[in-house]
Amino acid sequence: MENNKDTGPHRFSMPAWISCAPFEHLLGMEIVRAEAGEAVLQMPFYRELAQGAGLMHGGALVSLADTAVVMAIKSVLMPGTHFATIAMESRFLHPVKKGILSATATLVERKGAILKGSCDIHDEAGRTVMTFTSVFKIAKDATIKDIRFGKASANRRDQGSQDLR
């Protein structure tokens, strides 16, 4: 099978430090708010996100929760800080059949290079459909390379010194 798609490494620009990356755009995510260690994101249930029984795929829900926690973390780190998910746990409480989901995330703990977050995802009726916790680590080489962030990132520099304990 011939594949003409570039498989990387990928270099691109993002409009700001707190903005959606290409994968998040693909899923239709939107950042509603991200500040002071908290974030709210929304994502519609498009047909392309369905699994075989017509429900929203669990991986799409996990991606939304993981991204929401990332945005909460980014709101307190210096722009360009390189960090990654090292552990996560999801609890699926109800199936998603339609609508726009809302993810509310919080940075709950920071100890050195380790950051812990949590997220609840709600459906349009306000029902919690998934709970999520995750652990992130700031990389030893703590600066992201090959990705550029727009000027809006500079506005977040004053939040980089916040330390949650």
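The values are calculated or read from the model by the stated rules, or taken from the named source; none is laboratory data. These numbers come from a predicted model, not from an experiment. When we count neighbours, we look across all protein chains shown, and the Cβ atoms used for this are built from the backbone with ideal geometry, even at glycine.
Let me confirm something: among Val108, Val96, Val70, which residue is at pLDDT 95 or above and under 29 Å from His10 (Cβ atoms)?
Val70
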The lone exception for Met14 - which of (1) surrounded by fewer than 20 Cβ atoms within 10 Å (Cβ to Cβ); (2) farther than 23 Å from Ile114 by Cα; (3) modelled with pLDDT of 95 or more it fails: (3)
Would a scan of region 139-160 turn up a residue that is exposed (fewer than 13 other Cβ atoms within 10 Å of the Cβ) and modelled with pLDDT of 95 or more? no
The correct count of residues that are within 11 Å of the chain's Cα centre (by Cα) and polar (S, T, N, Q) in region 43-80 is 2
(1) out of contact with any Gly (no Cβ under 6 Å at 6 or more places or on another chain); (2) closer than 30 Å to Val96 by Cα; (3) not hydroxyl-bearing (Ser, Thr, Tyr) all hold for Met43 apart from (1)
Please enumerate the residues belonging to region 20-41 that are part of a loop (DSSP other than H, G, I, E, B), surrounded by fewer than 18 Cβ atoms within 10 Å (Cβ to Cβ) and in contact (Cβ under 8 Å) with a residue 40 or more places away in the chain. Ala36
Can you find a residue that is on the phi > 0 side of the Ramachandran plot and not in a helix (DSSP H, G or I) anywhere in region 77-85? yes
Write out, first by first residue and then by second, each pair whose Cβ atoms fall under 8 Å of each other, whose residues are 6+ apart or on separate chains, and whose first residue, in region 117-138, is under 18 Å from Gly99 (Cβ atoms) while the second is of a type in the set (Lys, Arg) and part of a strand (DSSP E or B). Met130/Arg91
Taking region 46-67 as the search range and keeping residues that are surrounded by 22 or more Cβ atoms within 10 Å (Cβ to Cβ) and either without any contact (Cβ under 8 Å) to a residue 60 or more places away in the chain or among the aromatic types (Phe, Trp, Tyr) (or both), which one is nearest to Ala103 (Cα to Cα)? Leu64
